[in-house]
């Protein structure tokens, strides 16, 4: 690679994050100015928490989330499928069979404790406290 | 170049380059085998529940109840009838035999080594030993014991004078210790003590190289590698307690009958493999006569292609020799089990 080409690439990389931030800031500023409403995330689009499944385990066994938050369940195994589900009445769900590399997101709408398990591997348990 | 000179250089290359490379490669494999063996080390202690801590008195009462045929309506079936120490805590049959000699739909599983698992039964419907006890006791097909009326379980046990002292000693804080919960807890304590003994495999894990044959060692490598057995038959008891549809022809929905998820249709619990030579015929329906047939079943990728079939089930392409080696390995899991003294039951 020539020095001039390298310098050009470096220049693009150095300025692009700054440009993106400036763009986001500008958009937010415009929204504030035009609607007059506070710039908080709209309801129903809560935080996304990521949980990993590896070696037939969830990476943590307990998590506190807010109602409306989501959990993204990732299968980080090499060759093991999982089937994350919950029969807890407040947040019942079934991701069904998830191949290695798969990822599914579940919204936890209702407050209370949701007991999450893997149907195939019952030792895999996650307690989700929805506040 | 003369042949002599070629020979000179050839031997130098062999000794100075090739041999060390082979030596290092072989020794590089050894740490992997050692790490693999560590995964199979036996646990030091038996776990007990916080809600049901161990006591010698509970174990004693539990053993009496376990062997007592009066806990069944017919007075002929005890827990030990289907979970017989003489048949490695199973009954040696393809399918269990229940009340009035009816043949049931599933094989009696062993109750050995289950203190480490929470979800029990072929279909996972009970939690822990303590949660499992009332099931067969009250099942009309099995021990057919009622909970109401003069012939009910508690009334029957209460009427046996000899049990009074045992219940008092096991539950000294309780005014009336004759409860289903106490019976379950006492039997549960006894069952937790049923653990298989040291096997030649354990001696090999502990470093005794001649404890198992070279063929069995090959079988161990295949078990963990090409044969893929450890995807489910893992850890020291050779079961991770998981539930899979392995593609048996049986129409039994297994766990899927009460856990209505697609992946759990036709799914059954992975049994452990300690003392497996004593527990044929195999599978939840006793459909495979011997261990060779079991490995052949997996080798062909099961017999039923269904949506619920585990992704782990596929043809293995094992040779006849490799199948034999895997079976030889499984034979090394036969433990030196402690002998069981039959108790004198109270009158």
Subject >> Failed item in (1) in contact with a strand residue (DSSP E or B) (Cβ under 6 Å, 6 or more places away or on another chain); (2) within 14 Å of another protein chain (Cβ to nearest Cβ); (3) touching a residue at least 24 places away in the same chain (Cβ under 8 Å), with residue A:105 passing the rest >> reply: (2)
Original post:
Which residues, counting only those in region B:256-299, are over 26 Å from residue B:194 (Cβ atoms), in contact with a strand residue (DSSP E or B) (Cβ under 7 Å, 6 or more places away or on another chain) and outside any helix (DSSP H, G or I)?
Top reply: B:261, B:265, B:266
Original post:
Does region B:2-25 include one or more residues that are over 30 Å from residue B:229 (Cα atoms), surrounded by fewer than 10 Cβ atoms within 10 Å (Cβ to Cβ) and at pLDDT 85 or above?
Top reply: no
**OP:** Filter region B:237-253 for residues that are more than 23 Å from residue B:329 (Cβ to Cβ) and within 12 Å of chain A (Cβ to nearest Cβ) and give the result.
**Re:** B:243, B:245
Original post:
Of the numbered conditions (1) farther than 24 Å from residue B:337 by Cα; (2) surrounded by fewer than 21 Cβ atoms within 10 Å (Cβ to Cβ); (3) in contact with a strand residue (DSSP E or B) (Cβ under 6 Å, 6 or more places away or on another chain), residue B:118 satisfies every one except a single condition; which is it?
Top reply: (1)
**OP:** Return the residue satisfying two criteria in turn: it lies in region B:256-268 and is within 8 Å of chain A (Cβ to nearest Cβ) and crowded, with 24+ Cβ neighbours inside 10 Å, and of such residues it is farthest from the chain's Cα centre (by Cα).
**Re:** B:263
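Count, please, the residues in region B:94-105 that happen to be in contact (Cβ under 8 Å) with a residue 60 or more places away in the chain and buried (at least 16 other Cβ atoms within 10 Å of the Cβ).
2
A quick yes/no check of all residues on (1) out of contact with any helix residue (DSSP H, G or I) (no Cβ under 7 Å at 6 or more places or on another chain); (2) within 14 Å of chain A (Cβ to nearest Cβ); (3) at pLDDT below 95:
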position: B:270; (1), (2), (3): yes, yes, no
position: B:278; (1), (2), (3): no, no, no
position: B:285; (1), (2), (3): yes, no, no
position: B:289; (1), (2), (3): yes, no, no
position: B:306; (1), (2), (3): yes, yes, yes
position: B:309; (1), (2), (3): yes, yes, no
position: B:317; (1), (2), (3): yes, no, no
**OP:** Being within 15 Å of residue B:346 (Cβ to Cβ), without any contact (Cβ under 8 Å) to a residue 60 or more places away in the chain and part of a loop (DSSP other than H, G, I, E, B) is the filter here, so list the residues in region B:155-190 that pass it.
**Re:** B:159, B:177, B:178
Subject >> Residue under evaluation residue B:140, criteria (1) more than 14 Å from chain A (Cβ to nearest Cβ); (2) closer than 30 Å to residue A:119 by Cα; (3) without any contact (Cβ under 8 Å) to a residue 60 or more places away in the chain; (4) part of a helix (DSSP H, G or I), criterion not met >> reply: (4)
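Condition test on residue B:207, is it more than 30 Å from residue B:136 (Cα to Cα) and part of a loop (DSSP other than H, G, I, E, B)? Explain how you work it out, then say what you get.
Working: more than 30 Å from residue B:136 (Cα to Cα): yes; part of a loop (DSSP other than H, G, I, E, B): yes.
Taking the combined requirement at face value, the residue satisfies it.
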**OP:** Might you check whether a residue that is crowded, with 19+ Cβ neighbours inside 10 Å, more than 18 Å from the chain's Cα centre (by Cα) and more than 10 Å from every other protein chain (Cβ to nearest Cβ) occurs anywhere in region B:228-236?
**Re:** no
Subject >> Residues being crowded, with 18+ Cβ neighbours inside 10 Å and outside any loop (DSSP other than H, G, I, E, B) - total across region B:300-321 >> reply: 1
Subject >> Out of A:99, A:115, A:131, sole residue that is over 22 Å from residue B:308 (Cα atoms) and within 14 Å of chain B (Cβ to nearest Cβ) >> reply: A:115
Original post:
Just one of the numbered conditions (1) under 17 Å from residue B:311 (Cα atoms); (2) within 14 Å of chain B (Cβ to nearest Cβ); (3) surrounded by 14 or more Cβ atoms within 10 Å (Cβ to Cβ) is not true of residue A:76; which one?
Top reply: (2)
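Listed here are the residues, each with its yes/no results for (1) crowded, with 21+ Cβ neighbours inside 10 Å; (2) in contact with a helix residue (DSSP H, G or I) (Cβ under 6 Å, 6 or more places away or on another chain); (3) at pLDDT 95 or above.
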site	(1), (2), (3)
B:185	yes, yes, yes
B:195	no, no, yes
B:203	no, yes, yes
B:210	no, no, yes
B:218	no, yes, yes
Original post:
Does region B:47-70 contain any residue that is more than 14 Å from chain A (Cβ to nearest Cβ) and touching a strand residue (DSSP E or B) at 6+ places or on another chain (Cβ under 6 Å)?
Top reply: no
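The values are calculated or read from the model by the stated rules, or taken from the named source; none is laboratory data. None of the values given here were measured: they were computed from a predicted structure. Using ideal geometry, Cβ is built from the backbone for each residue, glycine included, and neighbour counts are taken over all protein chains shown.
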